[in-house]
Amino acid sequence: MTGTPVKKKEKEVPPSPPLVIRDQGKGARYDRVGFLGEGGFARVYEIQDSKNRRKAIKVINKNAITSKKNKTKLWAEIKLHQILVHPHVVRFEDCFEDQSNVYMVLELCENGSMMDLLRRRKRYTEPEARYYLVQLIAACQYMHQMNVIHRDLKLGNLFLDADMNVKVGDFGLAALIENPGDRKKTICGTPNYIAPEVLFDQDNGHSFEVDVWSVGVIMYTLLIGKPPFQTKDVKTIYKRIRENRYEFPADKEISHSAQDLISSILNPKPDERPPLDKILSHKWFLDGPFPAYIPASANDFAPDYR
Ligand code: ADP
């Protein structure tokens, strides 16, 4: 055969942001020092400011947000993230733009996402799960007080700072409840973590309880090593969510109190799910060691709390 092979159309990779990123308006300068990861339409880099403080910067190429819908989504993410200031929410420090990109300067989470840690460790111990869940629930209580529903809580959006403390990030799907009692109707979330009412009760809509559901999925995933409704195809995941079909595998022994708490959170009826303060007072939180801190070695090995 002759001729040149047909080249497959490749996904367009936007050009890298400059090595020195300048916020012209404020006269600030950031040196790009490393790459941290990428998501939907953003790439995230490690940067250093003029005082050598390390931060993260989320870079969105303007060519990726030409549609009105994508622009609205990005402004909503910035607007909501900006108002949230809490020890367990990734700190939003600044945002600006140049000709090519929109930039969001964020607190750097040195230890990556809790999903990265799960991949290395396979599962978390119960004492670790207690520690991380208390921090996650504190962040949720704060977000809900601020009338924000995160709507995409999952291990990939929970980050760990240098001291192994949880920081909730990625407000790309978050929603503000502007009037008490308002309900949201958009189907959104990540299949494994999505609450049943988002999928199957669109007439009635959904509210803060969807985050509580995700907390239950997160707790199960930490302790068992994979999400409760996981299968190969999304349709079957949704079918399992609809039927509330999941099990606690016998070979991955977890305590009865942990099973009891998970089952109570994964209640298909949102108004019967325990509120966040009720979750915190569940006996599982006192049913074994509660670590004073998590050592960095937990990135690779299960800490021993006996
Ligand atoms: P998207 O909203 O497009 O999904 P994310 O906010 O999830 O993008 O970020 C993509 C990746 O960048 C994450 O999976 C993580 O690896 C990395 N990342 C994001 N924010 C931070 C941060 N503050 N500190 C360290 N790494 C981060």
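Just so it is clear, none of the values below were taken in a lab; they were calculated from the coordinates. Keep in mind it's a predicted model, so treat the numbers as computed, not measured. Cβ atoms come from the backbone with ideal geometry, glycine included; neighbour counts cover every protein chain shown.
Note on the chain: with a GNM built from Cα contacts shorter than 10 Å, the maximum mean-square fluctuation among LEU19, LEU155, LEU266 falls on LEU19. Between the helical axis of 256-265 and the longest alpha-carbon principal axis of the chain there is an angle of about 60 degrees.
For GluC sites (Glu not before Pro), the sites in the range 242-306 that DSSP calls loop and that have at most 14 other Cβ atoms within 10 Å are GLU247, GLU253.
With the cut-off at 24 Å, tell me which of the pairs LYS79/LYS122; LYS73/LYS184; LYS71/LYS184; LYS154/LYS269; LYS62/LYS185; LYS62/LYS226 have Cα atoms farther apart than that. Listed pairs above 24 Å: LYS79/LYS122; LYS62/LYS185; LYS62/LYS226. Measuring r between the beta carbons of ARG240 and ASP287 and using R0 = 25 Å, the FRET efficiency lands at 0.35. When each of the peptides 229-235, 132-138 is scored by how many other beta carbons lie within 10 Å of its residues on average, the order from highest to lowest is 132-138, 229-235.
At 222 nm, what helix-only mean residue ellipticity would the chain give, in deg cm²/dmol to the nearest 500, using -39500 (n - 2.57) for each DSSP H run of four or more? Computed ellipticity for the chain at 222 nm equals -9000 deg cm²/dmol. For the chain, the longest principal axis of the C-alpha atoms and the axis of helix 68-83 are separated by about 70°.
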